[in-house]
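These notes are about the structure you will find just below.
The values are calculated or read from the model by the stated rules, or taken from the named source; none is laboratory data. This structure is a prediction, so every number in the text was calculated from the model and none was measured. Backbone-built Cβ (ideal geometry, glycine too); neighbour counts: all protein chains shown.
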Amino acid sequence: MRRVVVTGMGVWSCIGRNQTEACESLRAGRSGIGYDESRHEYGFRSPLTGIVETPDLKSLLHRRLRTGMSQEAMYAFMASREAFEQAGVDEQYLMDNEVGILFGNDSTALPTVEMHETMLAKHDTALLGSGLIFQSMNSTVNMNLSTIFHLRGINFSVSAACASGSHAIGLGAMFIRQGLQDMVLVGGAQEVNPYAMAAFDALGTFSARISEPSKASRPFDTDRDGLVPSGGAASLVLEDYDHAIARGATILAEVCGYGFSSNGGGISQPSSEGSLVAMQRALNDAGMCADEIDYVNAHATSTKQGDEEEAIALTRLFGDKRAWVSSTKSMTGHECWMAGASEAVYSILMMRHGFVAPNINLEHVDPTAETLRIATTTVETEVKTVLSNSFGFGGTNSAIVLRIV
């Protein structure tokens, strides 16, 4: 099997519009959560969300290319642009070589609503224009990026709820390991408009700590009252190790393990057993044991049942082992479809810069997590190995093991 390495990364999120900004926020324990007045006016129970800036693409892309881009595709373009630049992959390289794309995305609500509203008002499909079809398809991200960057390798969306971005990384690594691709752009993207989150709000799963937005996301804390939705995009350039060395690329990290499982239970029911299977499978794939993991980027979203089930699984796997644990969702909120990809980027940033980001807002540790070594403040330490967890509705679980080469 060939080795799979990361040679480029990019991020566009509520804690940073690039790696530098995101790294600074992670180290400082800075939250990107805010109050969205439009959600309050729309009728949300909770108007809290990650505040993600809309990129201005007018100077970067021709109008013809922008027409078919959804909100999440715009975010993904910015993240992918940064990732390719860091990897030393320019337009000529992409024209001359076959590069694939696997992107996690599980919904695109805004263009669907816009089409419906136009039809209600005008009753004429001719007024919908040509771009909305490409914006409204679940494959909106990879179809737009493959067109913009001239990608001619594997090309499809990974739709697996909140594990989408993580599964995209795992599948990309599998294609490279098996010799089917030398380079694959992988990642995850999530729209942040109110239409995308109204149904989630209806479930009562969002935090109502409206007076303190930055303290609303509280993974593993007994006083948590729900998650905070967020979004943006994150991209990683995965590459065969020998291929990367041959072209003189800088290697940021290695994707050495991928684990997965399905709970097979209730559609929104988390499972400590399913989580454990995915984590153990990732470690087995990497040829590692729990003792060798320096840091766990937990999925923990700040919901009671989800946090508890993951804490139980982590305790069973790690016990009193040395691994630090934190959930970067305490700062970012739950980035949903992009979370598995962004948290891989966040983890590699920690590995590259020698620190563990804090699990902020943790004041009273849930009893199920008491034995875990949770970082409540920034820990300046060497991080060589990371286990990153992502779990989603429908019982889909993904775990990725990363290490510094």
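Assess whether Asp201 counts as being under 20 Å from Ser46 (Cβ atoms), part of a loop (DSSP other than H, G, I, E, B) and modelled with pLDDT of 90 or more. Talk me through it step by step, then tell me what you get.
Working: under 20 Å from Ser46 (Cβ atoms): yes; part of a loop (DSSP other than H, G, I, E, B): no; modelled with pLDDT of 90 or more: yes.
So Asp201 fails the test.
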* Asked: Which of the residues belonging to segment 386-405 are of a type in the set (Val, Ile, Thr) and under 24 Å from Cys336 (Cα atoms)?
  -> Val386, Thr396, Ile400, Val401
* **Selection from segment 287-341 of residues that are closer than 21 Å to Lys215 by Cβ, among the small types (Gly, Ala, Ser), touching a helix residue (DSSP H, G or I) at 6+ places or on another chain (Cβ under 9 Å) and assigned to a helix (DSSP H, G or I)** => Ala311, Ala339
* Residue satisfying all of: in segment 341-380; crowded, with 24+ Cβ neighbours inside 10 Å and small (Gly, Ala, Ser); farthest from Asn297 (Cα to Cα) among these -> Ala369
* To do: Test each condition in (1) under 18 Å from Ala76 (Cβ atoms); (2) surrounded by fewer than 22 Cβ atoms within 10 Å (Cβ to Cβ); (3) polar (S, T, N, Q) for Ser230 and report the one that comes out false.
  => (2)
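Yes or no: segment 64-83 includes at least one residue that is part of a helix (DSSP H, G or I), within 19 Å of Phe103 (Cα to Cα) and of a type in the set (Asp, Glu).
Within segment 64-83, one or more residues are part of a helix (DSSP H, G or I), within 19 Å of Phe103 (Cα to Cα) and of a type in the set (Asp, Glu).
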* To do: Could you grab me the full set of residues in segment 12-28 that are surrounded by fewer than 20 Cβ atoms within 10 Å (Cβ to Cβ) and either in a loop (DSSP other than H, G, I, E, B) or in contact with a Lys or Arg (Cβ under 6 Å, 6 or more places away or on another chain) (or both)?
  => Asn18
* Asked: Residues of segment 60-105 being closer than 13 Å to Gly232 by Cα and of a type in the set (Asp, Glu), which ones?
  -> Glu72
* Structure fact -> Of the candidates Asp221, Asp242, the one satisfying the condition of being of a type in the set (D, E, K, R) and surrounded by fewer than 22 Cβ atoms within 10 Å (Cβ to Cβ) is Asp242
* When residues of segment 381-399 are limited to those that are among the aliphatic types (A, V, I, L, M) and in a strand (DSSP E or B), the one surrounded by the fewest Cβ atoms within 10 Å (Cβ to Cβ) -> Val386
* Please specify each residue of segment 106-136 satisfying the condition of being buried (at least 19 other Cβ atoms within 10 Å of the Cβ) and without any contact (Cβ under 8 Å) to a residue 60 or more places away in the chain. => Pro111
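Could you list, in sequence order, all residues of segment 36-63 that are of a type in the set (S, T, N, Q), in a loop (DSSP other than H, G, I, E, B) and within 14 Å of Met197 (Cα to Cα)?
Listed by number, the list holds a single entry, Ser46.
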* Structure fact -> Those residues of segment 88-141 that are in contact with a Gly (Cβ under 7 Å, 6 or more places away or on another chain), assigned to a helix (DSSP H, G or I) and farther than 28 Å from Gly392 by Cα come to a total of 1
* Asked: Any residue at all in segment 285-298 that is under 24 Å from Gly104 (Cα atoms), touching a His at 6+ places or on another chain (Cβ under 9 Å) and modelled with pLDDT of 95 or more?
  -> no
* To do: Those residues that are at pLDDT below 95 and either of a type in the set (Gly, Ala, Ser) or in a helix (DSSP H, G or I) (or both), I need them from segment 150-198; list them, please.
  => Pro194, Tyr195, Ala196, Ala198
* **Failed item in (1) in a loop (DSSP other than H, G, I, E, B); (2) surrounded by 18 or more Cβ atoms within 10 Å (Cβ to Cβ), with Gly266 passing the rest** => (2)
* **First in segment 338-361 and closer than 14 Å to Arg403 by Cβ and modelled with pLDDT of 95 or more, second anywhere and surrounded by 23 or more Cβ atoms within 10 Å (Cβ to Cβ) and of a type in the set (S, T, N, Q), Cβ under 7 Å, 6 or more apart** => Ala344/Ser388; Ser347/Asn297; Ser347/Ser388
